[in-house]
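In what follows, a structure is listed as structure tokens, so that the remarks can point back to it.
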Amino acid sequence: MELKNAAARMQALAREILHHDYRYYILNSPVISDSEYDRLMRELKELEEKFPELKSPESPTQRVGGAVSEKFARVSHPQPVLSLGNAFSPEELVAWYERILKLSAEVRTSSFVMEPKIDGLTVILHYADGVFQLGATRGDGTQGEDITPNLRTVRSLPLRIPADPKHAGALPRRLVVRGEAFFPVAEFEKLNARLAQHGEKTYVNPRNAASGALRQLDSRLTADRPIDLLCYSVMVWDGDGAPQTQWETLAALKGLGFPVPVMAERAESIDGVIRFCKVFESKRDSFPFETDGMVVKLDNLRLAAELGYAGKDPRGAIAYKFASREVSTTLTAIGVNVGRTGVLTPYAVLEPVSIGGVTVSRATLHNFDFIQERDIRLGDRVMLKRAGDVIPYVIGPVADVRTGREKRYEPPAKCPSCQEPVRRAEGEVAYYCINSGCPDQLVRNLEHFASRSAMDIEGLGIKIVEQLAQSGLVKDLADVYDLTLKDLLGLEGFKEKKAQNLLDSIAASKRQTLPRLLTGIGIPGVGEVMAADLAAEFGNLDALKDASRERLQQIEGVGPNIGEAIVDWFSRKPNRRLLDRLRRHGIWPELARKEALPGSNPLAGKIFVITGTLQKYSREQAKSSIELLGGKTTDSVSKKTDYLVVGADPGAKLQKAGSLGVTILDEPAFEKMISSGGKPG
């Protein structure tokens, strides 16, 4: 390659890498895979080695990725926080070993430590006299962002060390520890499922979820995310007893109360390193975090420091990258699923491709905004990723190989199931079908309608719901009340006693309260708490169904989007027909007069949270008892919480309530309050 062409290519690579750094570290929204990023960086390094006169001090190879956000105060690190060079094969591990062996024969006598390369957010933790003082992101390697309040919410981070008093003698006056904050894979999948169900924007991967949570300006938002932490190195140890090897470092950190990687191993030779790395790779799906490799370190910390750096990479350690779980294939179509609440979720239809030993032809596309932001087009070659048993997801398009025949995708204007118009509130990610009679929503809607928090129809579980829908006996929620003994006996698995029990439970549900009915019919944005508020405000469905957006927004918690969703739901003809049929079946509950009279709600304005297992009440019964007396229930403890009702095996909510001064009620005290009409026991 000529010098002129090399210069142009290096400039183009630098611009592209910096663009992807910005999307990855600042926007938390990558559009290419890690392996493709590694390929770009590797090509730039090779060109810089071939044409050293063209290497620039501003090159991405000369700095750690990740600018410092202006939203946070800047923190200077006590020493550079560097990333590692990569080895992509056993042969490259051997080549690394031979390079450092040429620099020091002492390498031959040093052991090695292997630790999992955690795909998370690097954090730097400062302690003074055993007390956590400051936490920062890696940032640009020299300065990071001060995220101390957010890190304090991470439960695995010790706020005071040592955790065990027997280690107090080795306590350094000042300690700076490096670690990785991450989102456990299982929790990441739960979070994305929950966000998708509520029509909120999902995260591309666990690393972005962790970064997004820890870089919130409100630490309460961070506290709601299950961030975990693993620590693996000491940057500053001011005092006696500093560890001299990496293996001793992990032991010292563990002794002080820091979480460390339990799957770390030590090897006496490079052959042992390679064997261990292969074993780790075969077990990668068993790790609780996402990982794409192992970090191999010289155990002798003095020797590692003396070897110095090659560019920005420490010579005494290297990252061994596992075989990629990312492949490319062609996007042939985009399908749309309709969820219980009417949220439309796109998915990718792909040319079949093998990934991680499994052939896949469909993958997650997150939401319609994701498609637009990454400019994913029909016919595109797309990058696909699969981690463990998680459903594969599309990372983004390979734009460089486009032919011009690809077509831009437009979100549907009508529901693909029922052809009713699709609604999207301003500022929301989700598109909704708000037709309660939509066939694709029916099974999930009916299961929710019959659930314990709604109409509580015992015996109407998911399997029977599917039978009723598939048989055509139930086409909307009101059809449940038309079922006869003959209908049920015609279904597989039903005998007379089982059928009669279900019919009795259906009949009993007609006496359920207005809040439960509002919860059950599935208005977007209306859960149990909102349903109780609407019932208390309007008293009956006649008043609620004719309420204006302006009137609804006078209620606390009802913003423009929820107000519009409620009005739209009641304006739809299929939903109006459903309400008319429910009324004809006698299902038209109103608040009892005593509930609506002034002074008859002794718990009005009081907010309750329930934790643990109650003996005399189910969770739903306890909530109903509170709401009947005018109180509200929420899922999380905050400064606004008045009472925490505590049953057996309470969780972390009990500790948080104690720190906030929330009144604690055990079950006898709660029962006394309820039985006395709301008076504290």
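The values are calculated or read from the model by the stated rules, or taken from the named source; none is laboratory data. Because the structure is a prediction, the values reported are computed rather than measured. Glycine gets a Cβ as well: all are built from the backbone with ideal geometry, and neighbour counts include every protein chain shown.
Which numbered condition in (1) over 30 Å from residue 526 (Cα atoms); (2) in contact (Cβ under 8 Å) with a residue 12 or more places away in the chain is the only one that residue 359 fails?
Residue 359 satisfies all of (1) over 30 Å from residue 526 (Cα atoms); (2) in contact (Cβ under 8 Å) with a residue 12 or more places away in the chain except (2).
Could you check region 31-62 and list, in sequence order, the residues that are over 26 Å from residue 396 (Cα atoms), in a loop (DSSP other than H, G, I, E, B) and modelled with pLDDT under 85?
Within region 31-62, 55, 56, 57, 58 qualify.
Can you find, within region 434-460, the residue that is nearest to the chain's Cα centre (by Cα) among those that are surrounded by fewer than 16 Cβ atoms within 10 Å (Cβ to Cβ) and either at pLDDT 90 or above or in a helix (DSSP H, G or I) (or both)?
If we take residues in region 434-460 being surrounded by fewer than 16 Cβ atoms within 10 Å (Cβ to Cβ) and either at pLDDT 90 or above or in a helix (DSSP H, G or I) (or both), then 439 is nearest to the chain's Cα centre (by Cα).
Name the pairs whose Cβ atoms lie under 8 Å apart, with the first residue in region 64-82 and over 20 Å from residue 308 (Cα atoms), the second assigned to a loop (DSSP other than H, G, I, E, B) and modelled with pLDDT under 55, and 6 or more positions between them or separate chains?
The qualifying pairs are 74/68.
Out of (1) part of a loop (DSSP other than H, G, I, E, B); (2) closer than 26 Å to residue 523 by Cβ; (3) acidic (Asp, Glu), what's the single condition that is false for residue 410?
The one condition residue 410 does not meet is (2).
Can you say whether residue 401 is surrounded by fewer than 20 Cβ atoms within 10 Å (Cβ to Cβ), within 26 Å of the chain's Cα centre (by Cα), within 29 Å of residue 331 (Cβ to Cβ) and not polar (S, T, N, Q), as far as the supplied structure shows? Quick ask: steps written out before the conclusion?
Values: surrounded by fewer than 20 Cβ atoms within 10 Å (Cβ to Cβ): yes; within 26 Å of the chain's Cα centre (by Cα): no; within 29 Å of residue 331 (Cβ to Cβ): yes; not polar (S, T, N, Q): yes.
Spelling it out, it is not the case that residue 401 is surrounded by fewer than 20 Cβ atoms within 10 Å (Cβ to Cβ), within 26 Å of the chain's Cα centre (by Cα), within 29 Å of residue 331 (Cβ to Cβ) and not polar (S, T, N, Q).
Count, please, the residues in region 602-621 that happen to be under 14 Å from residue 642 (Cα atoms) and in a loop (DSSP other than H, G, I, E, B).
5
Could you tell me which residue of region 612-647 is farthest from residue 225 (Cα to Cα), considering only residues that are of a type in the set (Val, Ile, Thr) and touching a residue at least 40 places away in the same chain (Cβ under 8 Å)? Reasoning before the result, please.
Of region 612-647, the ones of a type in the set (Val, Ile, Thr) are 613, 626, 633-634, 637, 641, 645-646.
If we keep only those that are touching a residue at least 40 places away in the same chain (Cβ under 8 Å) too, we end up with 626, 633-634.
Details: 626: 28, 633: 21, 634: 17 Å.
Going through the qualifying residues, I end up with 626.
Kindly list, by first and then second residue, each pair from a residue in region 461-486 that is closer than 16 Å to residue 451 by Cβ to a residue that is among the charged types (D, E, K, R), limited to pairs with Cβ atoms under 6 Å and residues at least 6 apart or on different chains.
462/447; 465/447
Of the residues 101, 121, which single one is in contact with a Ser or Thr (Cβ under 6 Å, 6 or more places away or on another chain) and either closer than 30 Å to residue 181 by Cβ or assigned by TED's automatic domain parsing to the domain that holds residue 237 (or both)?
Result of the check over 101, 121: 121.
Given the structure, is residue 586 of a type in the set (Gly, Ala, Ser), in contact with a Pro (Cβ under 7 Å, 6 or more places away or on another chain) and modelled with pLDDT of 80 or more?
No, not satisfied.
Can you tell me which residue among 201, 283, 278 is surrounded by fewer than 20 Cβ atoms within 10 Å (Cβ to Cβ), farther than 23 Å from residue 323 by Cβ and either basic (Lys, Arg) or at pLDDT below 85 (or both)?
201
Restricting to region 286-311, give me the number of residues that are over 30 Å from residue 188 (Cβ atoms) and at pLDDT below 90.
3
Restricting to region 128-142, give me the number of residues that are over 20 Å from residue 205 (Cβ atoms), buried (at least 23 other Cβ atoms within 10 Å of the Cβ) and either acidic (Asp, Glu) or modelled with pLDDT of 90 or more (or both).
Final tally of qualifying residues: 2.
Per-residue answers, yes or no, for (1) at pLDDT below 90; (2) farther than 30 Å from residue 206 by Cα; (3) not assigned by TED's automatic domain parsing to the domain that holds residue 361:
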site	(1), (2), (3)
385	yes, no, no
389	yes, no, no
394	no, no, no
397	no, no, no
402	no, no, no
414	no, yes, yes
417	yes, yes, yes
425	yes, no, yes
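Residues in region 326-347: is at least one of a type in the set (A, V, I, L, M, F, W, C), in a helix (DSSP H, G or I) and crowded, with 20+ Cβ neighbours inside 10 Å?
no
Would you say residue 637 is in contact with a strand residue (DSSP E or B) (Cβ under 8 Å, 6 or more places away or on another chain), part of a loop (DSSP other than H, G, I, E, B), crowded, with 16+ Cβ neighbours inside 10 Å and at pLDDT 85 or above? Before the answer, list the steps.
Details: in contact with a strand residue (DSSP E or B) (Cβ under 8 Å, 6 or more places away or on another chain): yes; part of a loop (DSSP other than H, G, I, E, B): yes; crowded, with 16+ Cβ neighbours inside 10 Å: yes; at pLDDT 85 or above: yes.
Yes: the conditions hold for residue 637.
Could you count how many residues in region 70-113 are outside any loop (DSSP other than H, G, I, E, B), of a type in the set (Ser, Thr, Tyr) and under 23 Å from residue 323 (Cβ atoms)?
1
Can you run down the residue pairs with Cβ atoms below 8 Å, 6 or more apart or on separate chains, where the first is in region 267-281 and of a type outside the set (A, V, I, L, M, F, W, C) and the partner is part of a loop (DSSP other than H, G, I, E, B) and at pLDDT 95 or above?
From residues that are of a type outside the set (A, V, I, L, M, F, W, C), the pairs are 268/111.
From 243, 226, 259, grab the single residue that is under 30 Å from the mean Cα position of the chain (by Cα), surrounded by fewer than 20 Cβ atoms within 10 Å (Cβ to Cβ), under 23 Å from residue 130 (Cβ atoms) and in the same structural domain as residue 194 (by TED's automatic domain parsing).
259
With respect to residue 563, determine if the residue is touching a residue at least 60 places away in the same chain (Cβ under 8 Å) and either in contact with a Lys or Arg (Cβ under 8 Å, 6 or more places away or on another chain) or of a type in the set (A, V, I, L, M) (or both).
No: the conditions fail for residue 563.
Using beta carbons and a limit of 8 Å, which pairs, at least six apart or on different chains, have the first residue in region 291-320 and on the phi < 0 side of the Ramachandran plot and basic (Lys, Arg) and the second one buried (at least 22 other Cβ atoms within 10 Å of the Cβ) and part of a helix (DSSP H, G or I)?
Listed by first residue and then by second, the contacts come to 297/246.
Select from region 545-560 the residues that are in a helix (DSSP H, G or I) and in contact (Cβ under 8 Å) with a residue 24 or more places away in the chain and write down the one among them that is surrounded by the most Cβ atoms within 10 Å (Cβ to Cβ).
Applying the filter and picking the extreme gives 545.
Within region 518-544, how many residues are in contact with a Phe, Trp or Tyr (Cβ under 8 Å, 6 or more places away or on another chain) and either closer than 23 Å to residue 428 by Cα or assigned to a helix (DSSP H, G or I) (or both)?
Matching residues across region 518-544 total 7.
Can you tell me how many residues within region 277-322 are among the aromatic types (Phe, Trp, Tyr), within 18 Å of residue 266 (Cα to Cα) and part of a strand (DSSP E or B)?
1
May I ask you to list pairs of residues, at least six apart or on different chains, whose Cβ atoms are under 8 Å apart, with the first in region 3-17 being outside the structural domain of residue 400 (by TED's automatic domain parsing) and over 14 Å from residue 50 (Cβ atoms) and the second being part of a helix (DSSP H, G or I) and aromatic (Phe, Trp, Tyr)?
Here the result reads 17/37, each pair linking region 3-17 to a residue that is part of a helix (DSSP H, G or I) and aromatic (Phe, Trp, Tyr).
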